[in-house]
Amino acid sequence: MRDKSNDRHTFEQEFEALFRKNYDRLYYTACDWVEDAEVARDVVSDVFGELWVHYERLRNENLDAYLFRSVRNRCMNHLRHKVIEGKYQDYFLAMKVEAMDEDEAEREARLREIDRVMDSFTSQTRFIFEQCYFEGRKYKEVGDELNISVSAVHKHMNKAFAMLRAVFNKKKTD
């Protein structure tokens, strides 16, 4: 009968050696892709976390290649996500400009609708949205204040923009 605790200890030692060997290179690779130290740390941490979950199955594979490919893919996904986020922000800005061109009654109705949608946000999403969009604070600042990652702040902002966009796109088609 195999001693699973001994296997686990061996896996942990192997994994720690793999982590020490590759972390810096992966971090700098991620930084080069995303140009944001916090996001790079999140990417590398996520990759190692995912690897740990599947380590027993993957430990005999070429893990250096696996790690670099995983970091590259996560960085590319992050960059694609930023492009989409930029489109949401552009859309919301266009809505604001359009609102400025409306008459007062239309503007008030649109503002009430924005307030109604924002009332449906979770308290954390609303706080993040207000801080980043209305107060102009950086995602990192808000993330640090809430003790969450920049990626988590991005997710809340995207959720907020998606909800607003869904409501106002529906209004345009009505």
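Rule-based calculations on the coordinates, nothing more; no lab input. All values reported here derive from a predicted model rather than from experimental measurement. FYI the Cβ positions are ideal-geometry reconstructions off the backbone, even for glycines, and counts take in every protein chain you see.
Numbers for the structure displayed
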quantity	calculated
Magnitude of the charge dipole, the chain, Cβ model with Lys/Arg +1 and Asp/Glu -1, debye to 20	600
Computed over the chain: relative contact order in percent, which uses C-alpha pairs under 8 Å that are six or more apart	20
Cα-Cα over 26 Å, subset of 21/138; 96/159; 82/138	21/138
Read-out mean projected area of the Cα convex hull in nm², derived from the coordinates shown; its label in (i) 10.0; (ii) 9.4; (iii) 13.9	(iii)
Using a Förster distance of 45 Å, the FRET efficiency for residue 66-residue 88 (Cβ separation, nearest 0.05)	0.85
Stretchable slack from residue 21 to residue 130, in nm (0.36 nm times residue separation minus alpha-carbon distance)	35.1 nm
Separation in nanometres of the label points that stand 7 Å from Cα toward Cβ, at residue 80 and residue 10	3.9
